[in-house]
Every structure is written in structure tokens, then in C-alpha cells.
Amino acid sequence: MLDLAKIRRDFPVLERQVKGHQLVYLDSANTSQKPTAVIQAMSEFFLTHNANVARAMHTLGTEASEAYESARAKVASFIGAQSSQIIFTKNASEALNLAAYTLSSRLGPGDEVVISVAEHHSNIVPWQMACERTGATLRWFDVDDDGFLDVEKARAQSLINESTKVVSLTAMSNVTGVRFPIAEISAWAHVVGAVMVVDGSQLVPHESVDVAALGADLMAFTGHKMCGPTGIGILWGRYELLESLPPFLSGGEMIEKVTMARTTYAQPPYRFEAGTPPIGEAVGLAAAVDYLTEVGIEEIAAHTTSMTAYALDVLAAIPEVRVLGPSSGDRVAAVSFELADVHPHDVMQVLDARGVAVRGGHHCARPLHERLGVQSSVRMSSYLYTTPEDIDALGNALEDTLVFFSVARGSRG
Amino acid sequence: MDNLTELYQEIILDHYRQKHHSGLREPFDVEVGHVNPSCGDELTLRVSVVDDQVVDVSYEAVGCSISQASTSVMTDLVIGQPVAESHQLYQGFLTMIEGQGTVELDEEVYGDAIAFYGVAQFPARVKCAMLGWSALRDALIRVETVTNGDGTVLSRFWDTTVPSPKSQM
């Protein structure tokens, strides 16, 4: 059990008043709040150690380089990987773009890339663009009406076959919160020699992840959803694969030797980190990893799962709510729903007037909304600092919303 | 809830519940599709222009109350107006919406549209209020391009060769 009162004291922003109400932050799947430890670590870095990495040989430069590389080591150990397999990017989108761009050097007409209809746009668009550039074909997994990956249908249609060169799937939907069977699909991808890419943006903040057990070849995730700062994302990759990939962005620090005629490239991970990297952000991310480790990622997982279960109960008590995805179990932190025929943007506005922060829209997953037959939805998402009172406040604010928009009660609109 | 009732004026909710001029109609000169990517609002809008008069604006839309109501009010205002006057109405409405409460509209000219002054206090909703107006402006520019380009008659169909004006999104 988490000591919720203690944890909440670690996040000063949770003390905030919004529109005269105590802030109820239920938008952590969008970005998590940051504990004091992270803010202080970054502040300490900029106040006393700031310098560029690798290229500055003086004392501060050495300290900054050490801090940056130690952040890499911490992130690596957090997911059961080696430092040399960790590439720092700007965000998860850039990490996925890096994967799509470099892997597209292997794609051509007749090749197939497989994703799913439930992906975040950042795991759809880079692959669409890679296919447009190379003439490869984009195919995708369907989901069932609860949002679970339809593996049976995919098997029946031989979705992954000898033409498949890349499979890229999210480990957990940012809309329904359901997990996808990554180990099973990785094994299938590897049978046909395809590279398995995983979008771990939603999973890594919530569950203990061991990349070896996941079975994937590349995994993208982001710092800001796991108590770290914005501006830093991560691409993990099997080293042999990274070694075989061409550079993505080019410029300073990704080179071995530059002449005016040609350039040879640095070894991974540096080959993929052109220019000055997010140094202060890496320091903040390392502090976030320390913080999550200290609290205990298993305990966090248990807490968010129980908050999600409670949220499903509270939502089930409002007849006008229609939850997307399974109504119980098998889902982690995100719960998206509709409220009668009140548009999610309007729901969000009334909730915000009560200090309750949720997301309204398609959450960068328009194809999934279309598949589930809704135009957009309201999403609440919990994290280690979420309390049952937060969920109660959500329930009350939803009741208020129905009254505000004069929805006839007792029907589903 | 004070700010909220200011945002959601009764007039706005009335238009939302009962949209004016809704539905796609013929004849039309240009059809445009506009979206608000952040919240997923989508709008298909048609305009019909005869002798520099906006004779019809028809639309099909999914979206929040603000975007729906604003589009409804906009059609009330511009149908029957000269194209140049419609552009002026667009400009005035935009100035008010972006004015953060410092710009007031003339009720004589703008009618129900003055109810949107509350939106100006909610920067995140400005795009919602502008969705229909932006689509209208886009469509009218395309009509003008089609009519005035080389003196040919009005195209009755979507003309993909017409260059897109800068996106309003």
C-alpha cells in the first residue's frame, strides 16, 4: 500500500486551487505531475554543474557528461537493459520516428509494415510516411469491441507473413488502458524475421518492464509520463539491431570522422543523438526513475489498478456514462468514456470549472475512436498520487455536467 | 460557475440544441472540410454564391456546443449578405474572439453572435468558436478564385486545382 498522503506532499502542484476548487488532476496519461525531487535535481544541475556533454573537457563538462551518462544507466536498469541500448530523444514521437526512418532503409515495394488500429497517431503517421517513401504496404491489426487486439482475426488473415518487415504496436492503449500481448506478437514477428517495435509510452510509467521478457527489438517511451520532465524521450533497442541501422538526424556528436568528402558515424547510442542532447532533462529523468524505484513500481501498479477499478465503479453508477473498452479488469490507468450526448469538450469545460482536469477529444487516437464507433471521448487517468476522493470529485462533477446541460436523467440521452 | 454560465449563454445552448441551416444542400459552388485536430471536431461546409451574394451556407458537423452553435449563428448572419460583407463579419467576429474580452460587437450587426463574448475568456475554446467561420472564409476565397481566376463561370463542383488559402487551424 502506498502512503498516499506522503506521496501527495511530494507533488506540490496538487495543492493548487483551480477556479476556487482544490485541483483534481486526472490527466496523467497525458502528462504526469513532477515530484519535488525531480524539480530539485534539475535545478541543482543548472545551478551548479551546467555545461555541455562530451565536447566540454573542463570540470563542469565532465560533471555534466557524468550526470548525462548516469541517467542513461539508470533508465537502462529501470527496464532491464544496457546503457549502450538507450538512445535519448526529444519525446516518444521522435523515438518512433527514429525507428520508422532508420528501418525504412530496409523497406521497398512488396514489403509490409504491420501496426494496429488502436495506435496513438505517433505510432501510425511515421509508418504511413515510411510506406509512402518506400512503396511498402501498411497493414493493421483490428481490435474487438472492447479494444483488445484481435489476434485470432490476424492469424486467420495471415496479417504477419513472410512479406512483413516491421511490426509496431503499443503495449497499452492510451484510450482504453488495455494491454496488448507484446510477447506473443513479438514471437510471431520473429518467426518471419520482422523487427518488433513497441510503443511503451503508457506501459513503462505503470508497470515493471523487462525488455528481455517483452521480446521486442525496439521500444519507445517518454520521460514526462513517468514523473520526469518534458523534452526527453527514449528509444531502447537491441544493440546488434541499432548497430545495423543508419543514422537518423545528423550533425554534431553522431560522427566518428568527418572530411569534406565523407563521414563515418559513431557507434550506438551516440550515432542517434545528433547535437546537444537534453542534458538537464536527462538529470530530471534520472531523478524520476529514482523516485519511482523508491516508491516501488509494483506498488504504483497496484495502486493505479485499484484506482481504475474504483473509477469504473463510480462511472458505472452514472447511467449516462458509456465506458469505452472493458468495464472491469484487464485495463490499467486510462478510462475513456462518453457522457450522454454532451460533447467531451463541453464535459471537460464543466469539469475544469470544478477543478477537475481530464482530457476531452480523440486523445491522438482517431482511428480507434472510429473503430469503437465514437467521435471522441472524455478520458480520466490515474497515477500514484490519485486518491479515491479525486474519483469521487470526478463523479460529482459529471453529475453536475448532466444538470448543466439539462440532460434528461434516467436515459442514456 | 460564473465564468461557465458566461461561456455557455442560453442563446448558445439554444443554437446547439436546434442548429439553424444544418444539413448539406444543393446547389453549391464550393465544399470545404475543416477540423479542429485537438478535440476532433469535424465540419463539412458548402456555400452557394450568386452575383456576389451568399445565397446559402449548408453544413454537416460533429463537435462541441461552442463550435456547433457558432456555426449555426454564422449561417444566420451571412446568408443573404454580399460576399464582401461576409468577410467583414468574419473579421469582426475573429477580432472579438481573440480580444480576451476587450472587444465588443455591435448587437445590431451581430445579433446572437454577441453571446460568444464569454468564449474570448477561454483561449482553449477560441478554435471551437472559429471553426465554422474559418470554413466559411476558406470557402468564399475558393469561390472567388474560381469565379475571378480567368473570367470563367462559377464552378459547380469542388475544384482541387484551386490553391488552398493558409490554414486557419
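Brief remarks on what is shown
- Test: A:Ile79 is surrounded by 18 or more Cβ atoms within 10 Å (Cβ to Cβ) and out of contact with any Ser or Thr (no Cβ under 7 Å at 6 or more places or on another chain): yes
- From the options A:Arg379, A:Arg359, residue that is basic (Lys, Arg) and within 10 Å of chain B (Cβ to nearest Cβ): A:Arg359
- Taking the criterion of being within 13 Å of chain A (Cβ to nearest Cβ) and farther than 18 Å from A:Val374 by Cα, the only residue of the range B:57-66 that qualifies is B:Ile66.
- Selected residue (criterion: surrounded by the fewest Cβ atoms within 10 Å (Cβ to Cβ)) from residues of the range A:261-275 that are not in a loop (DSSP other than H, G, I, E, B) and not aromatic (Phe, Trp, Tyr): A:Thr264
- Taking the range A:39-51 as the range and being surrounded by 17 or more Cβ atoms within 10 Å (Cβ to Cβ) and within 28 Å of the chain's Cα centre (by Cα) as the test, the residues that pass are A:Ala41, A:Met42, A:Phe45.
- Subset of the range A:193-218 [of a type in the set (Gly, Ala, Ser), outside any loop (DSSP other than H, G, I, E, B) and in contact with a helix residue (DSSP H, G or I) (Cβ under 8 Å, 6 or more places away or on another chain)]: A:Ala213
- The set of residues in the range B:117-146 being within 14 Å of chain A (Cβ to nearest Cβ), more than 14 Å from B:Glu42 (Cα to Cα) and in contact with a helix residue (DSSP H, G or I) (Cβ under 8 Å, 6 or more places away or on another chain) consists of B:Gly118, B:Val119, B:Gln121, B:Phe122, B:Arg125, B:Val126.
- Given (1) in contact (Cβ under 8 Å) with a residue 40 or more places away in the chain; (2) outside any strand (DSSP E or B); (3) hydrophobic (A, V, I, L, M, F, W, C), number of the condition A:Phe221 does not satisfy: (2)
- Checking every residue in the range A:60-74 against the condition of being crowded, with 17+ Cβ neighbours inside 10 Å, polar (S, T, N, Q), assigned to a helix (DSSP H, G or I) and away from chain B (no Cβ under 14 Å) gives at least one match.
- One residue stands out in the range A:315-356 among those that are in contact with a Phe, Trp or Tyr (Cβ under 8 Å, 6 or more places away or on another chain) and under 26 Å from A:Met226 (Cβ atoms): the one that is farthest from the other protein chains (Cβ to nearest Cβ), namely A:Asp330.
- Among the candidates B:Val35, B:Val50, residue that is modelled with pLDDT of 90 or more and away from every other protein chain (no Cβ under 14 Å): B:Val50
- Residues in the range B:81-110 that are in a helix (DSSP H, G or I) and under 19 Å from B:Thr5 (Cα atoms): B:Met96, B:Ile97.
- Residue list for the range A:242-260, restricted to those being surrounded by fewer than 14 Cβ atoms within 10 Å (Cβ to Cβ) and on the phi > 0 side of the Ramachandran plot: A:Gly251
- Odd one out for A:Ala274 among (1) in contact with a helix residue (DSSP H, G or I) (Cβ under 9 Å, 6 or more places away or on another chain); (2) closer than 20 Å to A:Gln85 by Cβ: (1)
- Test: residue in the range A:378-390 that is at pLDDT 95 or above, under 26 Å from A:Met1 (Cβ atoms) and acidic (Asp, Glu): yes
- Close pairs (7 angstrom Cβ cut-off, 6 or more residues apart or separate chains): at the interface with chain A (Cβ under 9 Å from one of its Cβ atoms) in the range B:1-22, surrounded by fewer than 16 Cβ atoms within 10 Å (Cβ to Cβ) and in a helix (DSSP H, G or I) anywhere: B:Asn3/B:Gln121
- Number of positions in the range A:1-38 that are in contact (Cβ under 8 Å) with a residue 12 or more places away in the chain, over 21 Å from the mean Cα position of the chain (by Cα) and outside any strand (DSSP E or B): 14
The values are calculated or read from the model by the stated rules, or taken from the named source; none is laboratory data. Since the structure is predicted, the reported quantities are computational estimates derived from the model, not experimental observations. With ideal geometry, Cβ positions are generated from the backbone for all residues, glycine too; neighbour counts draw on all protein chains shown.
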